[in-house]
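Written out below as structure tokens is the structure these notes cover.
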Amino acid sequence: MSVDHDAEVMQAARARRRVALGLTFVLMVIYFGFLGLIAWNKSLLGTQLTPGLSLGLLLGAGVILACWILTWLYVRWANTHYDPLLSRLRSDEGSR
């Protein structure tokens, strides 16, 4: 293994960690923001938008949807950036 190869592997690991931590932070803000609304402003969440649909129910579904979207974003990033880079690094390593 060369120094350049090791540096590229470390750079890929840093990029993956940066993306994962960024998306995790976004999810935590969404989730704990929703929990904060439950704790400190229940009356707002109880607001009826239409019969049978409260703001709290809509926001709770939004939290779940946000989880799916953030997961999709990570998978898309990994499939388009991280995995091809790892494949290239593995093939470069194997050709030595």
**Prompt:** Among (1) in contact (Cβ under 8 Å) with a residue 12 or more places away in the chain; (2) closer than 21 Å to D6 by Cα, where does S91 come up short?
**Reply:** (1)
**Complete:** Within the range 24-64, residues being under 21 Å from Y74 (Cβ atoms), aliphatic (A, V, I, L, M) and surrounded by 11 or more Cβ atoms within 10 Å (Cβ to Cβ) number 6
**Prompt:** Given the residues L65, L59, L55, which is the only one that is of a type outside the set (G, A, S), more than 30 Å from R90 (Cβ to Cβ) and in contact with a Phe, Trp or Tyr (Cβ under 7 Å, 6 or more places away or on another chain)?
**Reply:** L59
**Message:** Checking the structure you have, find out if any residue of the range 71-84 is of a type in the set (S, T, N, Q), closer than 30 Å to M10 by Cα and loosely packed, with under 11 Cβ neighbours inside 10 Å.
**Reply:** yes
**Prompt:** Tally time: how many residues in the range 71-92 are closer than 15 Å to R16 by Cβ and in contact with a helix residue (DSSP H, G or I) (Cβ under 7 Å, 6 or more places away or on another chain)?
**Reply:** 7
**Message:** For the structure I just gave you, tell me whether R90 is loosely packed, with under 12 Cβ neighbours inside 10 Å, of a type in the set (K, R), modelled with pLDDT under 95 and not in a helix (DSSP H, G or I).
**Reply:** no
**Asked** Taking the range 32-70 as the search range and keeping residues that are of a type outside the set (A, V, I, L, M, F, W, C) and touching a helix residue (DSSP H, G or I) at 6+ places or on another chain (Cβ under 6 Å), which one is farthest from P84 (Cα to Cα)?
**Response** T47
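The values are calculated or read from the model by the stated rules, or taken from the named source; none is laboratory data. If you're wondering where the values come from, they're calculated on a predicted model, not measured in any experiment. In this analysis, Cβ positions are derived from the backbone assuming ideal geometry, glycine residues included, and neighbour counts consider all displayed protein chains.
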